[in-house]
Amino acid sequence: MASPQTVPCVNINDEFVQIVSLNVKQGDFVKNGDVVGTVETDKSLIDVAVEQDGYVLRIDCAPEQKARVGSVMFWLGAAADEPVPEVISTDAEARNAAGRPTAKARAMLKELNLDPARIPASGERLTAADIEDWLARTGKTGPAAALPSPSTRTEDSPTVSGELLELSAEAAGMLHTVTWHRDHAAAAYLELEYDPKPWEELAAHYATQQKLMLSPLLPLMAFRLAALARERTLINSTIVNARRFQYRPVNLGFTVQVGEMLYLTVVRETQDMDAGQFIAALGEVQRHAMAHKLPPQEASGATLSFSSMARWNVSRHIPILPPQTSLIVAHAAPKTSGKAVLGATYDHRVLTGFDVTQVLLALSRPLIPGMTGTYHPESTY
Amino acid sequence: MPFAQPRWLMYIMRMFIAEPMMSETLKINTREATLAGESTPWAQLRFTRNNHGKPQIGLDPENLYAFGHLIRLTEQLILEQFSRGLVSGTTHTCLGQELTAISVIRALDHPEDAVLSNHRNHGHFLAYSGDFAGLVAEIMGREAGVCGGWGGSQHLAYRHFHSNGVQGGMMGIGAGLALARKLRGSGGIVAAIIGDGTLGQGLLYEAMNLASVWKAPLLVVVENNGIAQTTDSRDTLGGGIEARGAAFGLHTWRFADDDPGFCRKVAAAVSEMRESRRPGFLVLDTRRMGPHSKGDDLRGQDELDTIRERDPLAALARQLPSATCETIEANNRAFVESVRLTANASPEATLDETPAHIFTLHVEQPLPGYPVMAAGSTVRQSLNSALRHLLETDSRTLLIGEDLHDPYGGAFKVTQGLSTGFPGRVISTPISEAGITGATIGLSLDGYLPVMEVMFADFLSLCMDQLFNHAVKFPGMFRDVAVPLVIRTPCGGRRGYGPTHSQSPEHLFTAVPGLTVVYGSHRHNLGELLTDAVLRWRYPVLFLEHKLLYGEKIDPADYLTLPAADDDVAAHLFPTLLRGATDPDVTLVSYGGMLAVAEAAARRLEDEEELAVEIVAPSLLSPLPRGSMIRHLAMRSRVVIVEESHHEFGVSAEIAAAMLESGFKGQLLRIGTPPIPIASARSLERSILPDEQSVVEQVLELF
């Protein structure tokens, strides 16, 4: 039976020694008393002598390493092909109460007020990933913090003098968004021109009918996009760990610029709303944004988004995909051209150019879903 | 010798003297002289001054009586001012001991002669500085005071004159000042003046032994007035006084101030001692005519009458024609009245703004060259290279401590090879932690850059008075005075060394106002930190090193430097590092040897518990980097401070308090050593000091 040669004790005060050299390799035959290496501490250097004859089966340490006194240096066996016994870790696992959720999982359970008994663990302990999977399967929304944190690359500080400043919560959110876009999505962009007049007329008509003070053009277009997601569910999904994650609700993200701050406001559960309810809900969210008082549920959890830069008269903008979404529509309407543009940044892992074109074409045609006696601009003339 | 260079001399002058105060003093004297020309009271006294303002007092009875009487009148003025409620604090006069004071000080005729005096210092000060108005105004707490009101009666400073209120507390400093004079070949000597009551103070004997071993020109002067405050000598003194000097091999003299040849004999002794360039021990028998302070004299009237009859000043007067005496006394009275008017006219000392600390921020120091470290250097090698580099590139550098010499090279081998490479500049000392700390202060006051090693941090408590009452007081009271000393010492346990060789006493020293406490780790560039502590920081630094890290390789791993904030003090020299999650579930704050434990715990928390862990590792514990580190921590949600020190009332408590003051709203936990001795048995020690497992367990309780 294989037996271990352990790291010798140099001095009762030193729990660790430095492996200076080890002059055996797997398959070597060594004899009791052979000096096969040296280890050292701060105070002294000693030889490592083999304690029995045998073949070196496996080496568990390397020169330059610090090794704990008593840990295995290498395994010896009577025959060169003897198996090395599986060592049951007495450390980590044994130290943790088996089955207890990890600390990260416990923090999530506490934050989401979840009963751990309802969530199956994939291994011995309940993990954060188990909770995320369960949330996904049951259609519940996790906290923003529970999303997989974007991989952060370690950067050296610049050599020019300066200081590190903490990001605001919003800027940190944007960093997260951009990093997710960079690291996870296979982002692509396409756009098409359309005639903005019919949509403008429809919006004007709707405003008159509903006695609205502000033009409902963009809210109506966003609502139309949300409605399209009910038919074309693909645009309301994402990829998580190589599987498609189909969102149940259609939570519509809508960019709002307030001063220097860009918010992605979110109207949740739009699938059960009609146009009026949607416009009211979006108006409410926008008011919160204007006051810089967006509650978390109105600033997170978008599944599909709409962004317009018509106000700034740009001819094109290519938005960043909000984390874990596959489509954001970009609306631009340069005043001088008489034409408007509908573009879209999309995650090519989920959607093809064809899919997105179909969505944009549909969106370019004015339609208020759910309204009886659908209004057709042509018919008014 | 670097001291031969004029620039360097200027540096010494600037460091030892509070220049603005000196010029203030001179201004007052000049004003007196200018206002009334030859008829000024001072001019009437007919004492000339040397270039430094020191009165030139002859040995003839007329001269001695005139100055002695002037001191007595000044002391009486001070008591009068006190009775009028014009004195700030307390005072101790030298009534009856005037001649004793004059005898030694008048004989110090070398420009680099230094005086360390005590609470009963007015006579010494006046004979050294001639600044009567500066003294009286100082005691009254006025702007025109020689120390701007910071010192009062007991803490006076003028050129190479310093006094302090801790009996015998400056003796080690005296040994250091004397060593500095010896090292630079100066003809100056150091007179350290104590009373016989201080013969019970241990530091005195450390200093006498050091001066003897170093053959340094320290003259210990004992003013033996037979009483310690209110306690008679028979209750405070065992054995003979002179025997004490002789025991340490000091040339010893004893004279009485009622001996008609007293001042001449003292002058001869001082001269002999100066010629010998060796330490000396001068006992001066005298009697205190007044109380210890004011109204606290318990002696009987018979004894007081005897003392009055013995009065050596009165005896001098009897040698003079009465007309001479009357002229002297009248002139002195006129002069002291002018002193009173000058002091009364000076406004109360005020501060434009109460300083937040003693440090002058952003003092431009030239960037030093740094030692070149071989790749893979250990902490020990890094520190050794830095010390070698300092010795090679800056002749002011001295290493001082126990057993530093080769082949031993210090208990943890940090100074190995240096005594061989730099003979005379690596000084192995007697076991006298307080004494060598004092000597280190003296050396730094005199322009050297001493780096002292204390063999185990546990012994730092022996150095405490020197740091707490002396090292930080000089730059604290006098902004221009630098005390650029560094004390290095190994801390920490996990080696089974037991209760007095295993402690991490940083918490005691971070509490010393004005002491800079640095405790780096193998994640810092320790060689650079030490170089900066020596060359770029003109204040006393305690530089802590963990025993277990000496063999670790210097490796910054994935740590980044947290930039110092503008309002941080010294954080640009002694940075805080951080690594790990930018949006952490938990932040571990740790330093020194505990950092390795915190890192191991962090790895397990990350691997086994899926936690995003950030580690913040300061190297500067005091002054606390509030602008950078505390501000950073205040934004975190869970912070755990892990320290090896006994943490109650400690560094972690201060960090936690500062975080709360900065708006911290999260969960906080402190992990450290409980307030019990650190046992020797490894099994016991393991359960007392926080380790990886206990840190993990305690952090998990937060989740």
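The values are calculated or read from the model by the stated rules, or taken from the named source; none is laboratory data. All values reported here derive from a predicted model rather than from experimental measurement. Because the Cβ atoms are built from the backbone with ideal geometry, glycine has one as well, and the counts that use them run over all protein chains shown.
Candidates in the range A:286-304 are the residues that are touching a Phe, Trp or Tyr at 6+ places or on another chain (Cβ under 7 Å) and outside any helix (DSSP H, G or I); of these, the one that is modelled with the highest pLDDT is A:Thr303.
Restricting attention to the range B:336-381 and to residues that are free of Cβ contacts under 8 Å to residues at least 40 places away in the same chain and among the β-branched types (Val, Ile, Thr), the residue that is nearest to B:Met140 (Cα to Cα) turns out to be B:Thr354. Taken together, B:Asp567, B:Asp532, B:Asp555 contain a single residue that is more than 11 Å from every other protein chain (Cβ to nearest Cβ) and closer than 20 Å to B:Val472 by Cα, which is B:Asp532.
Residue count for the range B:315-352 under the criterion of being part of a loop (DSSP other than H, G, I, E, B) and not small (Gly, Ala, Ser): the result is 6.
Within the range B:584-615, the only residue that satisfies the criterion of being at the interface with another protein chain (Cβ under 9 Å from one of its Cβ atoms) and within 16 Å of B:Asp558 (Cα to Cα) is B:Ala612.
For every residue, the table says whether it meets (1) surrounded by 14 or more Cβ atoms within 10 Å (Cβ to Cβ); (2) under 22 Å from A:Ala207 (Cβ atoms).
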| position | (1), (2) |
| --- | --- |
| A:Arg316 | no, no |
| A:Pro322 | yes, no |
| A:Val329 | yes, yes |
| A:Gly343 | yes, no |
| A:Pro366 | yes, yes |
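Any chance the range B:435-447 includes a residue that's more than 14 Å from chain A (Cβ to nearest Cβ), in contact with a Lys or Arg (Cβ under 6 Å, 6 or more places away or on another chain) and not basic (Lys, Arg)? No, the range B:435-447 has no match at all.
A quick yes/no check of all residues on (1) more than 28 Å from the chain's Cα centre (by Cα); (2) more than 30 Å from B:Leu77 (Cα to Cα):
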residue	(1), (2)
B:Thr342	yes, no
B:Pro347	yes, no
B:Thr354	no, yes
B:Leu361	no, yes
B:Val372	yes, yes
B:Ser377	yes, yes
B:Leu383	no, yes
B:Ala386	no, yes
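Within the range B:677-701, the set of residues being hydroxyl-bearing (Ser, Thr, Tyr) and either on the phi > 0 side of the Ramachandran plot or away from chain A (no Cβ under 13 Å) (or both) comprises B:Ser687 only. Does at least one position in the range B:289-297 carry a residue that is surrounded by fewer than 15 Cβ atoms within 10 Å (Cβ to Cβ) and assigned to a loop (DSSP other than H, G, I, E, B)? Checked the range B:289-297: at least one residue is surrounded by fewer than 15 Cβ atoms within 10 Å (Cβ to Cβ) and assigned to a loop (DSSP other than H, G, I, E, B). If the condition is being assigned to a loop (DSSP other than H, G, I, E, B) and either in contact (Cβ under 8 Å) with a residue 24 or more places away in the chain or within 17 Å of the chain's Cα centre (by Cα) (or both), then the range A:245-259 contributes A:Tyr247, A:Arg248, A:Pro249, A:Val250, A:Asn251.
Within the range A:15-45, the set of residues being assigned to a strand (DSSP E or B), away from chain B (no Cβ under 14 Å) and under 22 Å from B:Gly376 (Cβ atoms) comprises A:Ser21, A:Leu22, A:Gly37, A:Thr38.
Listed here are the residues, each with its yes/no results for (1) surrounded by fewer than 21 Cβ atoms within 10 Å (Cβ to Cβ); (2) outside the structural domain of B:Leu313 (by TED's automatic domain parsing); (3) in a loop (DSSP other than H, G, I, E, B).
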{"position": "B:Ala191", "(1), (2), (3)": "no, no, no"}
{"position": "B:Tyr205", "(1), (2), (3)": "yes, no, no"}
{"position": "B:Leu210", "(1), (2), (3)": "no, no, no"}
{"position": "B:Ala216", "(1), (2), (3)": "no, no, yes"}
{"position": "B:Phe255", "(1), (2), (3)": "no, no, no"}
{"position": "B:Arg264", "(1), (2), (3)": "yes, no, no"}
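Of the residues B:Pro623, B:Pro674, only one is in contact with a His (Cβ under 8 Å, 6 or more places away or on another chain), away from chain A (no Cβ under 14 Å) and surrounded by fewer than 19 Cβ atoms within 10 Å (Cβ to Cβ); which? Just one listed residue meets the conditions, B:Pro674.
Scanning the range B:276-311 for residues that are of a type in the set (A, V, I, L, M, F, W, C) and either more than 29 Å from the chain's Cα centre (by Cα) or not assigned by TED's automatic domain parsing to the domain that holds B:Tyr205 (or both) yields a count of 4. Taking the criterion of being assigned to a loop (DSSP other than H, G, I, E, B), hydrophobic (A, V, I, L, M, F, W, C) and within 11 Å of chain B (Cβ to nearest Cβ), the residues of the range A:165-190 that qualify are A:Leu165, A:Leu167. Of B:Glu609, B:Glu643, B:Glu654, B:Glu685, all but one fail to be among the acidic types (Asp, Glu), touching a strand residue (DSSP E or B) at 6+ places or on another chain (Cβ under 7 Å) and in contact (Cβ under 8 Å) with a residue 60 or more places away in the chain; the exception is B:Glu643. The set of residues in the range A:1-14 that are among the β-branched types (Val, Ile, Thr) and either more than 30 Å from B:Gly498 (Cα to Cα) or within 13 Å of chain B (Cβ to nearest Cβ) (or both) comprises A:Val10, A:Ile12.
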